[in-house]
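Sending over a structure as structure tokens; questions will come in a sec.
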Amino acid sequence: PEMSDYKDLAMLSNLGTNNIENEMAVLRSRRLMDKVVTALDLHIQYFQSNNIQLVEIYENLPFSLNVLKLDEKKLKELEGTQFRVMPDGKENLMIVNLETEDMIRAVLGTPVDLGFANVVIGENSTGGARVFSEETIITFSVPEKISSHYQNKIVLNHIDKNSNVIELVLQDPVKKKAQDIIDQLILEFNRDAIEGKNLIAGNTANFINERLEIINTELETVETGKEEFKENNRLTDIQAESQMFIQNASEYNKRRQEVGTQLELANAMLEYLSSNSKSELLPANLGIEEGGVNLLIGEYNNLVLERNRILGGSTEKNPVVIRLNSRIDQIKANIFQSLQRMRTNLQIAQNDLERQSSSIGSKILAVPSQERQYRGIERQQSIKEVLYLFLLQKREENSLALAVTAPKAKIVDRAYSSGEVISPGFSRVMLGSFALGLFIPFSLIYVKDLMNNKIRNRSDLETLAREIAFVGELPRVKRKEDFLITKNDRSMLSESFRILITNLQYLLINSMDKKKGTKILVTSTVKGEGKTFTSVNLGVTLAN
């Protein structure tokens, strides 16, 4: 289940074995067989004579052959070539080109130019002395030709439709060679799968690294933009500051109301002072917050009450009353001045509060726009961070996948030989020989009979000349025998001539001329066919 994450980047999709036919097609591919031929040098074959025929040798080669340089184009033009390697001294060799009969002298361990390749022939680690005692035929073939040959010979069998097991079968005259080809084919198949997986993982790693650089740059740009946005708008925490703005606006509004109330009280007191008489008391405890004014009002009212009390038993000319009036006028003037000063201060405070309230109001109005912009910046930052972390995770997973080099195909059994001769089979050879022994003579007899244009018996003649009367058959007589009929001869030859005479009499009865007689002509196409034999014995039979 933990491998399912890789499907996000389709990194392990090529390792599925759901479609076994696809894997079998890959195993049959020319590309893999080319790699097998190159790895095992199958295009170079070695043969030695066993006094009957040339037999390919694969193991325990008499010498080692290393190809330094091979020009496949020239080899393809030659369509392969053969060389005979013969000993010519202790460390000298004679190489003969069997096509051109050109002879090349070489020394063990020294490069030799064969025209299409440079090779080095050296001693075999298992027994180099063999090269000096046995002639060896080396065949250089076109690698593509060998690949096509084994590609057509290898057989793949799907053991069970419900399983992913494949059986590989290869028939070859050299048992060890067939085993190595199958093992190498599986090795190349696994290596090709690992290379394909590593190629995907490598491309994925390059893609992830490129995307990480781009995302890192974009993330830095977003964070820089966020920083600049906060600096330009003098923000630290937009949520907290917006709450603070609202709280400050409420406090300023409350303060404005308070200042406005005090200003109205101050105006009312000034108006009252301007209109009232000396004997009237000033209203107290109106809520004026200015402590000095309240003290002056209290002192003023006390003096007015003292003066009015004295006037109850005295006149205006009373020195005490005069002194109290003077004091009352003085305090009233001070109250008036204090109220004016208070009103001025309140007006200044009111203007300042209105200005600050207006500023906070504009900030509050700007909060939604700033919050929207800030949320957009944070959204971009969050997206980039998530994508950056995702790519970092995938890079580690990809590195893990790149480090895992498990083979694609598990080998159930390595290549092995049954130990039995596959071809030619003894029973099949015997049966084929018997059938061939019957077929050849009968075929010759049939063909000979088919091509024979001679007349061999009576049926041949009757078939070819139906309109000609058939009067008799004469046996064949060897030349060394006595072929002349005697008077009382009772042989088959004499009886056949008597039958011939009798049939002639029936045939010529209507054409015989008793006065002149009848002429009979005996003839044939070539000499020696029995004209004299027939004429003499026919005459003797007539005479008898």
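Using 1/(1 + (r/R0)^6) with R0 = 41 angstrom and r between the beta carbons of Q347 and N308, what's the FRET efficiency to the nearest 0.05?
Result of the calculation: an efficiency of 0.70.
Let me ask something else. Can you sort D489, D352 by solvent-accessible area, 1.4 Å probe, largest first? It would help to have the intermediate numbers written out before the result.
Working: D489 35, D352 55 Å².
Ranking D489, D352 by accessible area, largest first, yields D352, D489.
Which GluC sites (Glu not before Pro) in the stretch 440-544 pass both tests, a DSSP loop state and at most 14 other beta-carbon atoms within 10 Å?
Of the GluC sites (Glu not before Pro), the ones in loops of the stretch 440-544 whose Cβ has at most 14 other Cβ atoms within 10 Å are E467, E473, E481, E529.
If you average the C-alpha positions of the stretch 31-67 and of the stretch 164-190 separately, how far apart do those two centres end up, in angstrom?
First find each Cα centre; the distance between them is then 16 Å.
Search the structure for amide H atoms under 5 Å from the amide H of A415, placed 1.01 Å from N in the peptide plane, and list their residues when 5 or more places away or on another chain.
D183
Mind giving me the FRET efficiency for A403 and N51? R0 is 56 Å, r the Cβ-Cβ distance, nearest 0.05 is fine.
0.45
Tabulate in residue order the Karplus-calculated ³J(HN,Hα) for the stretch 436-447, using 6.51 cos²θ - 1.76 cosθ + 1.60 with θ = phi - 60°, rounded to whole Hz; enter x for Gly and Pro.
Each residue's phi maps through the Karplus curve to give 5, x, 7, 5, 5, x, 4, 5, 5, 4, 5, 5 Hz.
Still on this structure, please answer the following. In whole Hz, with x marking every Gly and Pro, tabulate ³J(HN,Hα) for the stretch 163-177 from phi via Karplus 6.51 cos²θ - 1.76 cosθ + 1.60, θ = phi - 60°.
Each residue of the stretch 163-177 in turn: 10, 10, 8, 10, 9, 10, 10, 9, 9, 8, x, 9, 4, 4, 5 Hz.
Only loop residues by DSSP count here, and only those with at most 15 other Cβ atoms within 10 Å; note down the trypsin sites (Lys or Arg not before Pro) in the stretch 466-506 that meet that.
R466, R476, K478, R479, K480, K487, R490
Might you tell me the accessible area per residue for the stretch 427-519, computed with a 1.4 Å probe and given in Å²? Working shown, then result.
Values: 8660 Å² over 93 residues.
Here the per-residue accessible area is 93 Å².
Pop a pseudo-label 7 angstrom from the Cα along the beta-carbon direction at both S326 and K516 and give the gap in nm to one decimal.
Distance between label points: 22.2 nm.
Give me, ordered by chain and number, the residues 5 or more places off L114 or on other chains with an amide H under 5 Å from its own placed amide H.
Amide H neighbours of L114: V119.
Out of residues 5 or more away from E134 or on other chains, whose amide H comes under 5 Å of its own, with H placed 1.01 Å from N in the peptide plane?
Amide H to amide H, under 5 Å and 5 or more residues apart or across chains, E134 pairs with nothing.
Working with all protein chains in place, sort T261, T136 by solvent-accessible area computed with a 1.4 Å probe, largest first.
If we order T261, T136 from most to least accessible, we get T261, T136.
If you don't mind, there's one more thing I want to ask. Could you work out how far apart the two model spin labels at E195 and N157 are, taking each label as a point 7 Å from the Cα in the direction of the beta carbon, and quote it in nm?
3.1
First measure r as the distance between the Cβ atoms of S423 and N503, then evaluate 1/(1 + (r/R0)^6) with R0 = 60 Å and state the FRET efficiency to the nearest 0.05. Before the final figure, lay out each step's value.
Working: r = 66 Å, r/R0 = 1.09.
With a Förster radius of 60 Å, E is 0.35.
Ordered by residue, what ³J(HN,Hα) values in Hz, to whole numbers, does the stretch 318-327 give under the Karplus form 6.51 cos²θ - 1.76 cosθ + 1.60, where θ = phi - 60° and Gly and Pro are x?
5, x, 5, 5, 4, 5, 5, 4, 4, 5
Of all the C-alpha pairs in the stretch 423-525, what % are more than 23 Å from each other?
Working: 3044 of 5253 pairs.
In whole percent, the long-distance tail amounts to 58.
Out of the chymotrypsin sites (Phe, Trp or Tyr not before Pro) in the stretch 400-488, which ones are loop residues according to DSSP with at most 13 other C-beta atoms within 10 Å?
Those that pass, being in a loop and sparsely packed, are Y416, F470.
Here's a follow-up. Roughly what would the spin-label model give for E473 and E213, points 7 Å off Cα along C-beta, in nm?
Distance between label points: 10.7 nm.
The values are calculated or read from the model by the stated rules, or taken from the named source; none is laboratory data. Since this is a predicted model, take the numbers as computed values, not measurements. Note: ideal-geometry Cβ built from the backbone for every residue, glycine included; neighbour counts use all protein chains shown. Each accessible area value is taken on the protein alone, full model and side chains, heavy atoms only, with ligands, DNA and RNA left out. Shrake-Rupley method; radii C 1.70, N 1.55, O 1.52, S 1.80 Å.
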